[in-house]
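Notes follow the structure.
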Amino acid sequence: MTETDTSTATTTDGETTDVLVVGSGIAGCAAALSAAREGAEVLLLTKATKPDDASTDWAQGGISTTRGDPESLKQDIIAASDGTADPAAVDTLVDNADDAVADVLIDTLEIDFDETPDGDLDYTREAAHSEFRILHVDAATGTHILRPFLQYVDDHERIEVRQDTAALELITNEGRVHGVVSDEEPTGHPIYAGATVLATGGIGTLYSRSTNPDDATGDGIAMAALAGADIADMEYIQFHPTAYDGEDPFLLSEALRGEGAILRNGDGEPFMDDYHSQGDLAPRDVVARAVEAEREATGEVVLDVSPLEFETDYPAIAEKCRDRGVEGDEIPVAPSEHFLCGGIDVDDRGRTSLDRLYAVGECARTGVHGANRLASTSLLEGLVWGLRAGDDATGFDPDVVEAPDLLNRDPDLPARFAAEKFTRLQQTMDEYLGLERDSDEIARASAVLRRLKGEVDAYIRTRTARDLYELRNASVTALLIARAAGENTESTGCHYVATDVDESTAEPTADD
Ligand code: SIN
């Protein structure tokens, strides 16, 4: 990606902070907390106006621990990733997991994780986990973690949380990042920082069906790419196998299958044993493709929750089903975009290839997930890397350099432009860069996306509207996905190239 050409003039007006965090999910909160613990003044900028604007709030299943056996969790992560996860990154995760959970979630935030009748912590299991090791609060864990975490950082004397504020551009000078220009003034507002931590979340809004909030537009990835940061593994987009198949889709946590729910096809038959030796608990990419194949062959797939105490044990999900008029034990499901395994390339402290720029959470590519993420490792990764990056990002003085001075000649651009282009972008991603891709489709997607980005760039030179920048960020991110998908002809994990010999969906079963 080349440097952005949106800056037509420069300015040095603005404000300064020690550490600037962009994003208010678990990774952003953790980075802010650990930087503040080191004595830094922290500004946490977020587009969000309410907690459920962050993907963390939508996380259901839980947060994995090692339960005293890091090696076992490591092996499960590597197996789920099709052998592609970076073992050193996985070590960083598993070696720090239990301390991070104990320190922040249990001792500091005092999260009320579910307990057994004996008063012990109740660990659940999800697909491709060999052990019951996931802490949870029914299946609404993200909400129960994020809300107290946000409150805690907001109350912290060294952290300012500024809501409803988007970062538009990174301020860069000779390979070093000096903060961002936010959308606080009509022409942008420079915020200079000793270090900048991007924690902007995922890319769900690039697809028409996603388990992410609506503002997951790849902002951090696009800004970092435009500033020249290394980006990796963008072809590995995880589709969750069980999102509600109907109006207003929502996630049906893998914890349901972990506790005994069964996928059935349109003929009422369980089918996962035909696809993988782990059956309903196979890795997520395998289950997602199997669900899609069975939907095509038999008309629909449902998640049969009759083996569970569904209403009692999963009240939040049960309520969503009732709200949508789902009756009985069989919930119609279809795959839906869920998580980006790639992103801004970072090391074990969240450092990007640009000086004083960090990335944590879903926008970062740590190497932990490789080509396919194991369930309930995303909150954990955000927590561990957030703490490590926030700690590392302290001790730098902010430098006031020339910042992009954005133009806002015509603030009254019809909102319809961004909305229409977004629909086109989503159609392109759905059609050509979904669960399965082939080289012709990827090439077609690239052509459409390049045209679209050209149109958006023409507008953005003279306008600072947030929805235009989100569209710019989405189109940059979509192009990065198309490029990565085009360059990788091998089917691995979430990247399934349909023209390959179809061996990777099905493991040999007892009948073979
Ligand atoms: C789920 O609850 O199924 C999602 C958990 C995850 O994505 O890690």
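List, please: which pairs have Cβ atoms under 6 Å, are six or more places apart or on different chains, and start with a residue in the stretch 210-232 that is closer than 17 Å to Ala166 by Cα and in contact (Cβ under 8 Å) with a residue 40 or more places away in the chain and end with one that is of a type in the set (Gly, Ala, Ser) and within 16 Å of the ligand (Cβ to nearest atom)?
Ala216/Gly201; Ala216/Gly202; Ala216/Gly204; Ile221/Gly343
Restricting to the stretch 276-289, what's the tally of residues that are surrounded by fewer than 22 Cβ atoms within 10 Å (Cβ to Cβ) and touching a residue at least 12 places away in the same chain (Cβ under 8 Å)?
The number of residues fulfilling the criteria is 4.
Which of (1) more than 14 Å from the ligand (Cβ to nearest atom); (2) of a type in the set (D, E, K, R); (3) in a loop (DSSP other than H, G, I, E, B) is the odd one out, the single condition Glu126 does not satisfy?
It is condition (1) that Glu126 fails.
Quick one: what pairs do we get from the stretch 163-187, first residue touching a residue at least 60 places away in the same chain (Cβ under 8 Å) and assigned to a strand (DSSP E or B), second surrounded by fewer than 24 Cβ atoms within 10 Å (Cβ to Cβ) and among the aliphatic types (A, V, I, L, M), C-beta under 6 Å, 6+ apart or different chains?
That search, which allows pairs on different chains as well, returns Leu170/Ala227; Thr172/Ala227; Asn173/Val401; Val177/Leu354; His178/Val401.
Anything in the stretch 243-271 that is away from the ligand (no atom under 15 Å from the Cβ), in contact (Cβ under 8 Å) with a residue 60 or more places away in the chain and more than 19 Å from Asp285 (Cα to Cα)? List them, or say none.
Gly246, Glu247, Asp248
The conditions are (1) away from the ligand (no atom under 15 Å from the Cβ); (2) farther than 23 Å from Gln278 by Cβ; (3) among the hydrophobic types (A, V, I, L, M, F, W, C), and Ile78 fails exactly one of them. Which is it?
Only one criterion is unmet by Ile78, namely (2).
Each row is one residue, and each column tells you yes or no for (1) closer than 22 Å to Arg483 by Cα; (2) of a type in the set (Asp, Glu); (3) surrounded by fewer than 24 Cβ atoms within 10 Å (Cβ to Cβ).
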residue	(1), (2), (3)
Val291	no, no, no
Arg322	no, no, yes
Gly350	no, no, no
Leu357	no, no, no
Ala371	yes, no, no
Ser376	no, no, no
Leu387	no, no, no
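Listed residues Ala27, Ala35; which is part of a helix (DSSP H, G or I), more than 16 Å from the ligand (Cβ to nearest atom), in contact with a Ser or Thr (Cβ under 9 Å, 6 or more places away or on another chain) and at pLDDT 95 or above?
Criteria check complete, one pass: Ala35.
Among the residues of the stretch 260-285, count how many are in contact with a Pro (Cβ under 8 Å, 6 or more places away or on another chain), part of a loop (DSSP other than H, G, I, E, B) and under 24 Å from Glu309 (Cα atoms).
So the answer is 2.
Do you know which residues across the stretch 107-125 are within 24 Å of the chain's Cα centre (by Cα) and farther than 18 Å from Pro70 by Cβ?
Of everything in the stretch 107-125, those that are within 24 Å of the chain's Cα centre (by Cα) and farther than 18 Å from Pro70 by Cβ turn out to be Leu109, Ile111, Phe113, Thr124.
Residue by residue through the stretch 119-137, note down the ones that are over 27 Å from Ala32 (Cα atoms) and surrounded by fewer than 21 Cβ atoms within 10 Å (Cβ to Cβ).
Scanning the stretch 119-137 gives Gly119, Asp120, Leu121, Asp122, Tyr123, Ser130, Glu131, Phe132.
Based on what the data block shows, is Thr65 free of Cβ contacts under 8 Å to residues at least 40 places away in the same chain and touching an Asp or Glu at 6+ places or on another chain (Cβ under 6 Å)?
No: the conditions fail for Thr65.
When you scan the stretch 68-105, how many residues do you find that are closer than 18 Å to Ile145 by Cβ and surrounded by 14 or more Cβ atoms within 10 Å (Cβ to Cβ)?
The number of residues fulfilling the criteria is 9.
Being of a type outside the set (Phe, Trp, Tyr) and assigned to a strand (DSSP E or B) is the filter; apply it to the stretch 191-230 and report the residue that is surrounded by the fewest Cβ atoms within 10 Å (Cβ to Cβ). Don't jump to the end; show me each part of the working.
Applying the first criterion (of a type outside the set (Phe, Trp, Tyr)) to the stretch 191-230 yields 191, 193-206, 208-230.
Still in the running and assigned to a strand (DSSP E or B): 191, 193-198, 210.
On the way: Ile191: 26, Ala193: 31, Gly194: 22, Ala195: 29, Thr196: 33, Val197: 35, Leu198: 35, Ser210: 25.
Among those that are of a type outside the set (Phe, Trp, Tyr) and assigned to a strand (DSSP E or B), it is Gly194.
Please work out which one of (1) touching a His at 6+ places or on another chain (Cβ under 7 Å); (2) away from the ligand (no atom under 16 Å from the Cβ); (3) of a type in the set (S, T, N, Q) is the condition Gln238 fails and give its number.
(2)
In the stretch 95-116, is there at least one residue being hydroxyl-bearing (Ser, Thr, Tyr), over 28 Å from Gly367 (Cα atoms) and part of a loop (DSSP other than H, G, I, E, B)?
yes
So which residues in the stretch 393-421 are touching a helix residue (DSSP H, G or I) at 6+ places or on another chain (Cβ under 7 Å) and modelled with pLDDT of 95 or more, if there are any at all?
Residues satisfying the conditions are Ala393, Thr394.
Yes/no per residue for (1) of a type in the set (Asp, Glu); (2) at pLDDT 95 or above; (3) within 25 Å of Ala195 (Cβ to Cβ):
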{"position": "Gly279", "(1), (2), (3)": "no, yes, no"}
{"position": "Ala293", "(1), (2), (3)": "no, yes, no"}
{"position": "Ala316", "(1), (2), (3)": "no, no, no"}
{"position": "Ser336", "(1), (2), (3)": "no, yes, no"}
{"position": "Gly350", "(1), (2), (3)": "no, yes, yes"}
{"position": "Val368", "(1), (2), (3)": "no, yes, yes"}
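Need pairs with beta-carbon distance below 7 Å; first residue more than 23 Å from Arg295 (Cβ to Cβ) and within the stretch 318-345, second outside any strand (DSSP E or B) and among the hydroxyl-bearing types (Ser, Thr, Tyr); sequence gap 6+ or separate chains.
Listed by first residue and then by second, the contacts come to Cys341/Tyr236; Gly342/Tyr236; Ile344/Thr352; Asp345/Thr352; Asp345/Ser353.
The values are calculated or read from the model by the stated rules, or taken from the named source; none is laboratory data. What you are looking at is a predicted structure, and each value in this text was computed from that prediction instead of being measured. Note that we place each Cβ from the backbone using ideal geometry, even for glycine, and neighbour counts take in every protein chain shown.
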